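Student: One structure, pasted below without further comment.
Each value in this text was obtained by applying a stated rule to the coordinates, not by laboratory testing. Keep in mind the model is a prediction, meaning the values are calculated, not measured. FYI the Cβ positions are ideal-geometry reconstructions off the backbone, even for glycines, and counts take in every protein chain you see.
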Amino acid sequence: MELSELREIYEIYDAELAEAVKKSGLFSGVLGFGTCRDPRADRCNEKFYESVKQWVDGFLATVPSPEKVMEAAEVILWSAARSSGKMSYWYKLAAQSHAIKLLPYLTESMLADLERSYRYAYPKKDWLPIQEKLVKALAKGTKCR
């Protein structure tokens, strides 16, 4: 599993979600005309979440170096920050749950760097329960699976 494949998952998701938004239309479903296609319920969101999970599982099976794991964690953790204000933000935030599997493969200094950067990049008010778990794992350097 290459990091380029992970980046491609995020790029495909952005394109598919943009297409779902375009298809939803401004007046779609209004007054009974057309259909109401809410992009938040589009299949691309679930597909994205599952694709990130499968990639992480396959990636860890290759026994990557801590440096490669750090690069993968950065892709997963920082993609939502780059999507702030966009519909994809919350789905990318949810997909961060898959980064927890990567943490046991990082050094203590890598975990500390990620924790510092994460707390800076994401306001606590946006945290879902998984972000609480993620930050706690980063802070303790524990092996969460």
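Student: Name the pairs whose Cβ atoms lie under 6 Å apart, with the first residue in the range 103-131 and touching a residue at least 12 places away in the same chain (Cβ under 8 Å) and surrounded by 13 or more Cβ atoms within 10 Å (Cβ to Cβ), the second in a loop (DSSP other than H, G, I, E, B) and among the charged types (D, E, K, R), and 6 or more positions between them or separate chains?
Tutor: P104/K143
Student: Filter the range 115-145 down to residues that are within 21 Å of R82 (Cβ to Cβ) and more than 15 Å from the chain's Cα centre (by Cα), then give me how many there are.
Tutor: The initial filter retains those residues of the range 115-145 that are within 21 Å of R82 (Cβ to Cβ), namely 115-128, 130-131, 134-135, 138.
Filter once more, keeping what is more than 15 Å from the chain's Cα centre (by Cα): 115-117, 119-120, 123-125, 138.
Within the range 115-145, residues that are within 21 Å of R82 (Cβ to Cβ) and more than 15 Å from the chain's Cα centre (by Cα) number 9.
Student: Give the residue, chosen from S65, S109, S83, that is under 25 Å from Y13 (Cα atoms) and not charged (D, E, K, R).
Tutor: Numbers: S65 fails: under 25 Å from Y13 (Cα atoms); S109 fails: under 25 Å from Y13 (Cα atoms).
It is S83.
Student: How do the pairs read when you match residues in the range 63-76 that are closer than 14 Å to T107 by Cβ with residues anywhere that are in a helix (DSSP H, G or I) and of a type in the set (G, A, S), using Cβ under 8 Å and keeping only pairs 6 or more apart or on different chains?
Tutor: P64/A72; A73/A99
Student: Please verify whether S83 is of a type outside the set (D, E, K, R) and surrounded by fewer than 22 Cβ atoms within 10 Å (Cβ to Cβ), treating the condition exactly as stated.
Tutor: Details: of a type outside the set (D, E, K, R): yes; surrounded by fewer than 22 Cβ atoms within 10 Å (Cβ to Cβ): yes.
Yes.
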